[in-house]
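Participant: This structure is in structure tokens; I'll ask about it shortly.
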Amino acid sequence: MNDILQNLVILQDLDEMISELNNDEIITQQEEMGFEINGLEKLIEAREELIKRIPLEIFNHYNRVRSRYGRAIAPVRENICLGCFIKIPTQISSREMGNQVLRNCENCGRYLYWV
């Protein structure tokens, strides 16, 4: 997996964790189960550091897709984008090439990675 794609996957995970820590309902449920909730500031700091390693145009595209679909990165399994469930065209579906080059789904625009 190339470095930019790897950073995007980490960014998506950080965004999901930050989103959960900003959701009062989830926080209440977690605290009722006995979990201590903290670390939001560290997650935000880690996110800011990670953003510096992602080219601006890629980060902007990530944000647009994330605001539209919630998740900006989707796995590909059996040549199907698991974000929109559309078959990936043969010319870009090569598993060997897939994770070496940053690719977008032609239908939904999500960044793709092959599993």
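Participant: So which residues in region 17-44 are among the acidic types (Asp, Glu) and either touching a residue at least 12 places away in the same chain (Cβ under 8 Å) or surrounded by fewer than 12 Cβ atoms within 10 Å (Cβ to Cβ) (or both)?
Facilitator: Listed by number, the residues that qualify are Asp24, Glu25, Glu31, Glu32, Glu36, Glu41.
Participant: Please go through region 10-38 and give me each residue that is hydrophobic (A, V, I, L, M, F, W, C) and under 25 Å from Ser67 (Cβ atoms), ordered by number.
Facilitator: Ile10, Leu11, Leu14, Met17, Ile18, Leu21, Ile26, Ile27
Participant: While we're looking at this one, here's another question. Quick one: which helices (runs of 4 or more DSSP H) sit completely within region 1-109 and have at least 3 residues that are modelled with pLDDT of 90 or more?
Facilitator: So the answer is 3-21, 40-51, 56-69.
The values are calculated or read from the model by the stated rules, or taken from the named source; none is laboratory data. None of the values given here were measured: they were computed from a predicted structure. Counting neighbours? That spans all protein chains shown, and the Cβs are built from the backbone with ideal geometry, glycine included.
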